[in-house]
Amino acid sequence: MAQMTLERVEQSSLPVVVKPRGGGRRIVREIALLAVLFGVYNLGRFLSAAHAGSAYDHADELIRWEAWLGLPSEATVQEQALRIPGLAEAANVFYASVHFPLTAAVLLWLMIRRPAEYGKARWALVSLTGLALIGHMFFPLAPPRMMPGWVDTGVLLGQSVYGPTTDSGVANQFAAMPSLHVGWSFMVAVFLIRATRSRWRWLWIAHPVLTFAVVVMTANHYWLDGLVAIALALPLLSVFDARRVRRPRSAPAELDQRLDKVPAVASSSPARTR
C-alpha cells in the first residue's frame, strides 16, 4: 500500500530591510524649503505696509459684520479676562512662544515618525499659508489692539512681540485676516489626532480652542479671523489626507492569499513492509 500525504507548499517570508534615505539631507532640505516659504510669506508685510489706511477701514467694517452676525464682543471678553490675576500675562507668553515652536516640533515629529502623514501635513500648511498671504495682501486688517475699545496686553504688561510702531518688527501687523495662529493650531491638532492611536489624542482639540481664546484675549484677532482660517483649513485637510492614499498590501499577506488558491500537492511514498 501506498501512504498518501498532503503537503502544502509554503514559502518563508523574509524580513524586508528598508534602507535609510539620507535622513539628515532630507531634514536640511525641508528646513530650507520652509525657510524659503517663510521668506515669501514675509513679503506680505512690505506689500501691505502701504495700506495702513484701508486696514483700519476694514477693521471698522469687520466689527460691523460681527455685530450683524450677533457674535459676542471681543472687547467684553478681554475686559473679563483682565480681571483675573495673571491670566493676561500667561496669554501673552502663550501667544509669543507656542505658535511657531509647536508647529515646527509637530512637523519634525511627523517627518521622523510618520513620514506618510508628514508630506500631506506640510502641503496642507503651505496651502493655508498661501491662501492667508493672499488675504493679507488684498484685505489688510488692523487687529483689535490697534482699535479704540481694546487694550494691547503686550504693551500694557511689557510683553509685546511687535515693535513700537506698525512698521517695525519682522511680523506683518496688518495680517489679521485670516488668523494663522488659529489656522495652524487647528491643523496641528488634526495632524496629531490622525497620526496617533492613543485614546488621549482627542485632547489635542484643546490646542486650537486655547489658541483661539488667547488671540481674542490679547486683542490680536477678531472672531471672524479665526473662523475664516478654520473654514479655509477644513477643505485642505480633506484634500491633503494621508489616509486617502491606497496603501499596497504587505508582501507576506499577499503571498498567503495566493497560496490559498494553489491546490495542495499530493506525494506518495511506498509503504514500509515488515
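The values are calculated or read from the model by the stated rules, or taken from the named source; none is laboratory data. Because the structure is a prediction, the values reported are computed rather than measured. For neighbour counting, all protein chains shown are included, and Cβ atoms are generated from backbone atoms with ideal geometry for every residue, glycine included. Side chains included, ligands, DNA and RNA excluded: accessible areas come from the protein's heavy atoms. Shrake-Rupley method; radii C 1.70, N 1.55, O 1.52, S 1.80 Å.
Some points to look at:
- The lone exception for ALA59 - which of (1) part of a helix (DSSP H, G or I); (2) under 27 Å from ALA206 (Cα atoms); (3) not β-branched (Val, Ile, Thr) it fails: (2)
- Condition met for ARG113 (within 30 Å of VAL28 (Cβ to Cβ) and under 14 Å from the mean Cα position of the chain (by Cα)): no
- You will find that of VAL190, VAL216, VAL228, the residue that is within 19 Å of ALA96 (Cα to Cα) and in contact (Cβ under 8 Å) with a residue 40 or more places away in the chain is VAL216 and no other.
- Annotation: of all residues in the stretch 65-85 being surrounded by fewer than 10 Cβ atoms within 10 Å (Cβ to Cβ) and over 16 Å from VAL151 (Cβ atoms), the one that is nearest to the chain's Cα centre (by Cα) is GLY70.
- Check on ALA176, aliphatic (A, V, I, L, M) and at pLDDT below 90: yes
- Listing of helices (runs of 4 or more DSSP H) fully contained in the stretch 74-162 that carry 2 or more residues being among the basic types (Lys, Arg) and either in contact (Cβ under 8 Å) with a residue 40 or more places away in the chain or more than 19 Å from LEU227 (Cβ to Cβ) (or both): 115-138
- Lone qualifier among VAL214, VAL188, VAL228 - being under 29 Å from ALA116 (Cβ atoms), among the β-branched types (Val, Ile, Thr) and modelled with pLDDT of 95 or more: VAL188
- Residue list for the stretch 215-236, filter: open to solvent by less than 10 Å² (accessible area, probe 1.4 Å) and part of a helix (DSSP H, G or I): VAL215, VAL216, ASP225, GLY226, ALA229, ALA233
- When the stretch 100-139 is filtered for residues that are open to solvent by less than 20 Å² (accessible area, probe 1.4 Å) and either of a type in the set (S, T, N, Q) or in contact with a His (Cβ under 8 Å, 6 or more places away or on another chain) (or both), only THR103 remains.
- On inspection, VAL209 fails the criterion of being more than 13 Å from the chain's Cα centre (by Cα), of a type in the set (A, V, I, L, M), part of a helix (DSSP H, G or I) and buried (at least 23 other Cβ atoms within 10 Å of the Cβ).
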